[in-house]
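See structure below.
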Amino acid sequence: MDNNNKLYVVDTSVTAKLFLVEEQSEEAKQIYRQATRQEIMLLAPELTCYELISVLTQADMPLSEVKEHLLLFEKLVKDEAAKTKGPGSN
Amino acid sequence: MSLMKTKESLSTANSVRVTLDVPVPDNIHFHFSSREVQTAFGHFLLENPHIMGLVFENLTKHRQEIGQSQISPWTRISKAQKVLASLSDLADDDSESSPRNIQQTLELLENHKPSRVKVNSTQLLRDIRDNG
């Protein structure tokens, strides 16, 4: 990844829009597209994983869909489209 | 008669630890060097080759009982092998951001169907943060 790429801290509300049909869902997707192409860097607090699970499970959708969304999020993190960082991580 | 144990342990290539229990008369102090034990053990095995068969059989049985998660001394991997394995893992991690993976992830992102539920995720998240 180019070190000159801009780094953004992404809130869970943005990530959640990837998995829900609502306003600004397309904008959220565009942010993640750019991050996947490594044009920008996304950083999210480790808490994002837990908040995302809470939002998705409370959004009244089948658990199978929650699972699919979390699998995609896991893939995005694994491929470094978004990096999660906890208080103790470097 | 008391049992005396060797004070030295034998280190072998296969990480086999040998402790020799030898009955000796009271009031007599014996000290066996590791070399003496090794020689005695060698002689003993030459005279009783079936013992090694039993040892291997017991080890295999023990390993089956404890499952594959615990490694017996026979399959213990060396430090160098561990380092090589970790390097191999690192190489795998590097391959995650290859152009093929990027394309694959982009396709997953494009083809992923969001859930059609009536919810305002920003508001919902705010409620979760406020109320737990």
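The values are calculated or read from the model by the stated rules, or taken from the named source; none is laboratory data. The structure presented is a predicted model; accordingly, all values stated were derived computationally and were not measured. We place every Cβ from the backbone using ideal geometry, glycine too, and count neighbours over all the protein chains shown.
Annotations
- Applying the criterion of being charged (D, E, K, R) and assigned to a helix (DSSP H, G or I) to the residues of the range A:75-90, the residue that is modelled with the lowest pLDDT is A:Lys78.
- Some residue of the range A:3-13 being closer than 19 Å to B:Arg129 by Cβ and within 7 Å of another protein chain (Cβ to nearest Cβ): yes
- The conditions of being among the acidic types (Asp, Glu) and touching a helix residue (DSSP H, G or I) at 6+ places or on another chain (Cβ under 8 Å) are met by A:Glu22.
- Number of the exception - B:Phe32 against (1) modelled with pLDDT under 70; (2) within 9 Å of chain A (Cβ to nearest Cβ): (2)
- Residue in the range B:111-125 that is surrounded by the most Cβ atoms within 10 Å (Cβ to Cβ), counting only those that are at the interface with another protein chain (Cβ under 8 Å from one of its Cβ atoms) and in a helix (DSSP H, G or I): B:Ser121
- From A:Leu56, A:Leu18, A:Leu52, A:Leu72, residue being facing chain B (nearest Cβ under 10 Å), under 14 Å from the mean Cα position of the chain (by Cα), at pLDDT 90 or above and part of a loop (DSSP other than H, G, I, E, B): A:Leu18
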